[in-house]
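Novice: My structure is below; once you've seen it, I'll send some questions.
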Amino acid sequence: MTDQHVLIWVDDTYLGSNNHLLRRELTRQLTEHLIDKKADHKVVDYPRIARFRQESPDFVDMTIQQLGRRFNADQVLYVYLDKFQFHHEAGKGFYRPKLTGSAKVIDSATGKRLWPIEQSFRSFSLEGELAQGQGAAFEDQQVKQLCESAAEQIGPFFYQHTVPR
């Protein structure tokens, strides 16, 4: 991804509930991880993505390639979220966030999958620690921690690795 203009598109369309914080935070965390590790230098800003989602509700009918072209991105890191569970069965005030999904990279010009090579997508699954708390600030913190874990799991696939001597 080095020297490419990348769109990080988090698709939570089929989760049933639209969690704006989850989408925004996962995009932010992935962006930070990629830039910190010099895997990428040009990533589409999330406010631009959020504005597009609001102004163009028909984006759900667009292909990944079309989304990439719409944002003038060379590649799309497409993150599909298929399950998000927030509360724990222990009862009100107990949280154990869980997130499952998959990721892949698509070339915006050709629509060709660039990563992973050997399979259609790379799956991921995360589960946070059981925590007790209340209030919006506590819930937001739980989502942020889950997104940081997701970025730590997905991001290393795009870092420049050196071979030990």
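Novice: What is the one condition in (1) surrounded by fewer than 17 Cβ atoms within 10 Å (Cβ to Cβ); (2) closer than 21 Å to A109 by Cα; (3) modelled with pLDDT of 95 or more that I8 does not satisfy?
Specialist: Tallying (1) surrounded by fewer than 17 Cβ atoms within 10 Å (Cβ to Cβ); (2) closer than 21 Å to A109 by Cα; (3) modelled with pLDDT of 95 or more, I8 fails exactly one: (1).
Novice: Identify all residues within region 92-114 that are buried (at least 18 other Cβ atoms within 10 Å of the Cβ), polar (S, T, N, Q) and in contact (Cβ under 8 Å) with a residue 24 or more places away in the chain; write none if there are none.
Specialist: If the condition is that a residue be buried (at least 18 other Cβ atoms within 10 Å of the Cβ), polar (S, T, N, Q) and in contact (Cβ under 8 Å) with a residue 24 or more places away in the chain, then S108 is the only one that fits.
Novice: Across region 80-123, what is the number of residues that are assigned to a strand (DSSP E or B) and either within 21 Å of F158 (Cβ to Cβ) or not acidic (D, E) (or both)?
Specialist: 26
Novice: Please give the number of the condition N19 fails out of (1) loosely packed, with under 14 Cβ neighbours inside 10 Å; (2) at pLDDT below 95.
Specialist: Evaluating N19 over (1) loosely packed, with under 14 Cβ neighbours inside 10 Å; (2) at pLDDT below 95 leaves (1) as the failure.
Novice: With the structure loaded, tell me whether I117 is among the hydrophobic types (A, V, I, L, M, F, W, C) and in contact (Cβ under 8 Å) with a residue 40 or more places away in the chain or whether it fails that test. Outline the logic, then answer.
Specialist: On the way: among the hydrophobic types (A, V, I, L, M, F, W, C): yes; in contact (Cβ under 8 Å) with a residue 40 or more places away in the chain: no.
No.
Novice: Considering each residue of region 92-150, count those that are acidic (D, E) and within 19 Å of H20 (Cα to Cα), and give that number. Show your work before the answer.
Specialist: The initial filter retains those residues of region 92-150 that are acidic (D, E), namely 107, 118, 127, 129, 139-140, 148.
If we keep only those that are within 19 Å of H20 (Cα to Cα) as well, we get 139-140, 148.
Adding up the residues that qualify gives 3.
The values are calculated or read from the model by the stated rules, or taken from the named source; none is laboratory data. What you see is a predicted model; the values in this text were computed from it and never measured. All Cβ positions, even for glycine, are placed from backbone atoms using ideal geometry, and neighbour counts span all protein chains on display.
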